[in-house]
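Notes to accompany the following structure.
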2 protein chains.
Amino acid sequence: MQFGANTFIWTSPFGTKDFGLLPRIKAMGFDLVEVAVEDFSLIDVPLLRKTLEDNGLSVAICGAFGPTRDISSDDPAIRSNGKKYIVDCIGLAGALDSTLVSGPLYSAVGKTRLVSADQKARERAWCVQNLREVGRVASDAGVTLGIEPLNRFETDMINLVEQAIALIHEVDHPTYKVHIDTFHANIEEKSIPDAIRVAGSLLGHFHACENDRGTPGTGHIDWTGIRDALRDIHYDGPFVIESFTPGAVEIAKAAAIWRPLAPSQDELAREGVGFLRALLT
Amino acid sequence: MQFGANTFIWTSPFGTKDFGLLPRIKAMGFDLVEVAVEDFSLIDVPLLRKTLEDNGLSVAICGAFGPTRDISSDDPAIRSNGKKYIVDCIGLAGALDSTLVSGPLYSAVGKTRLVSADQKARERAWCVQNLREVGRVASDAGVTLGIEPLNRFETDMINLVEQAIALIHEVDHPTYKVHIDTFHANIEEKSIPDAIRVAGSLLGHFHACENDRGTPGTGHIDWTGIRDALRDIHYDGPFVIESFTPGAVEIAKAAAIWRPLAPSQDELAREGVGFLRALLT
């Protein structure tokens with residue numbers, strides 16, 4: 001099992017200026033960096049690949065779905081932009097020898113409305129068709145796409161693992177997996193271990209976050225129940241800490257971070273990975 | 001200890017047309033109704049008082065703080081309207097022989113922004129001054145005011161019990177108590193039992209909600225830990241189930257309810273109060 005850190009812990013938007021993070025992330029005890037991609041133009045891809053290799057780090061790509069990147073939007077330009085963004089993420093994964101692009105691919109973060117059944121069905125149809133199209137691009141590139149349920153305040157579309165599974169069955173393309181994030185699951189699932197078992201072999205990615213997005217192990221997430229469920233389903237994919245730097249306006253707004261969640265972001269990551277590694281290995 | 005049900009479980013906005021709920025709530029096993037007040041003009045107060053008495057139900061008042069009822073707003077008209085709303089809630093409590101008005105009195109639900117330290121200090125000063133003024137009105141009426149922390153997606157101001165306590169100490173008026181809601185605390189507190197113990201004798205109101213706002217007892221809230229902490233601090237105030245009817249546009253938006261959270265709202269309330277009563281008595 002690979003332990004990872006998401007770049008949102010320290011920076012937003014991630015770019016070449018932040019590559020100095022990589023040796024620090026390695027030294028803290030991580031095997032993998034999850035690169036949150038907000039703006040491709042900020043990232044020197046060949047240099048990133050070299051820096052990852054130099055530091056012996058694997059990489060996964062985490063999509064950042066703002067309002068203009070929404071494959072289920074009413075607006076064809078926004079749908080098309082959302083599709084292009086996912087395809088570009090797949091391209092970046094390929095260029096970095098990564099096999100995973102994950103996140104709330106189905107909609108824009110923060111899109112929460114009570115809509116009519118007709119509107120819901122229309123958005124769902126766009127979503128399914130676009131996921132099929134990018135699914136083909138991903139499987140041609142050897143990349144898995146993860147569908148991450150978000151909590152009710154961040155999306156009205158996929159809040160539960162069972163909803164992610166239903167979407168994947170509807171899309172019916174083998175490149176899709178479920179991506180569980182414990183921060184969201186803590187709000188939405190009646191039992192996180194049960195949700196892991198329901199995902200079973202479809203589980204492809206895991207965000208290990210404390211209930212308050214602070215240091216894993218300091219809150220009330222049922223980590224031993226989660227460990228037992230992951231063992232039951234023989235999960236051996238990535239195990240990534242995601243939190244968010246306080247003070248970066250865009251990401252604070254998107255993730256609702258109004259206070260520091262640990263004495264420092266380095267401490268959150270270092271103590272978090274120590275706790276998770278002891279738990280799982 | 002009195003077990004209560006919030007009217008938001010079934011209806012929004014609550015009014016005279018909903019008074020038929022009261023005998024049903026009593027028959028389900030509740031001692032108390034928490035009236036969520038969105039629009040005073042919809043409520044026939046003398047008839048409500050008589051219906052409560054006829055059914056042997058106590059009553060508490062739950063404030064609904066939309067964007068125009070915000071005592072920490074930049075806009076003096078909105079601050080004044082927020083203060084008038086709290087004073088009117090205190091008046092309603094008096095007219096119904098209730099001794100409790102509770103909720104996120106300090107701000108508007110859904111007001112989440114990353115603001116400057118200066119702006120934060122300004123809003124805080126307005127809030128404290130207005131809480132002092134309505135605190136005097138409340139204590140003259142024999143009414144306690146509860147300060148409810150909300151989760152990060154509903155407010156940027158008071159997310160933690162310790163933040164509510166700090167605000168109460170700053171206001172420095174004996175009418176204020178802390179109001180813990182387990183749905184919010186599940187997201188924000190590292191340990192809900194610890195938060196209860198920190199509140200101690202300042203705890204004045206309690207919303208007992210499952211982590212997904214479904215039927216209490218069906219999710220992963222640590223109910224036995226909560227019971228033990230409530231016993232430790234000798235809490236004997238109200239214990240109220242709050243959830244929200246799916247399908248009412250305004251409240252679905254405010255509370256982010258996109259799916260039914262139980263087979264029916266009656267089942268949520270009836271099975272919830274059965275579970276909580278067995279837990280606590």
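The values are calculated or read from the model by the stated rules, or taken from the named source; none is laboratory data. Source: prediction; values computed, not measured. Here the Cβ is made from the backbone with ideal geometry for all residues, glycine too, and neighbour counts use every protein chain on show. Note: areas computed on protein heavy atoms with side chains; ligands, DNA, RNA excluded. Shrake-Rupley method; radii C 1.70, N 1.55, O 1.52, S 1.80 Å.
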- When you go through (1) open to solvent by 10 Å² or more (accessible area, probe 1.4 Å); (2) closer than 22 Å to B:E242 by Cβ one by one for B:S116, which number turns out not to apply? (2)
- Task: Check off (1) open to solvent by 20 Å² or more (accessible area, probe 1.4 Å); (2) within 14 Å of chain B (Cβ to nearest Cβ); (3) under 20 Å from the mean Cα position of the chain (by Cα) for A:P263 and give me the number that stays unchecked.
- Result: (3)
- Task: Check the range A:78-96 and report whether any residue there is in a loop (DSSP other than H, G, I, E, B), open to solvent by less than 30 Å² (accessible area, probe 1.4 Å) and closer than 26 Å to A:I251 by Cα.
- Result: yes
- Which residue pairs have Cβ atoms under 7 Å apart, sit 6 or more places apart or on different chains, and have a first residue in the range B:122-149 that is within 12 Å of B:P174 (Cβ to Cβ) and a second that is aromatic (F, W, Y)? B:G135/B:Y176; B:L145/B:Y176
- State all residues of the range B:1-54 that are aliphatic (A, V, I, L, M) and not in a helix (DSSP H, G or I); if no residue qualifies, say none. B:M1, B:A5, B:L32, B:V33, B:V35, B:A36, B:V37, B:I43
- Message: The conditions are (1) open to solvent by 10 Å² or more (accessible area, probe 1.4 Å); (2) assigned to a loop (DSSP other than H, G, I, E, B), and A:S72 fails exactly one of them. Which is it?
- Response: (1)
- B:A108 is checked against (1) touching a Pro at 6+ places or on another chain (Cβ under 6 Å); (2) open to solvent by 40 Å² or more (accessible area, probe 1.4 Å) and fails just one. What number does that condition carry? (2)
- Note on the structure: Counted residues in the range A:215-227 being outside any loop (DSSP other than H, G, I, E, B) and over 20 Å from A:M1 (Cα atoms) come to 0
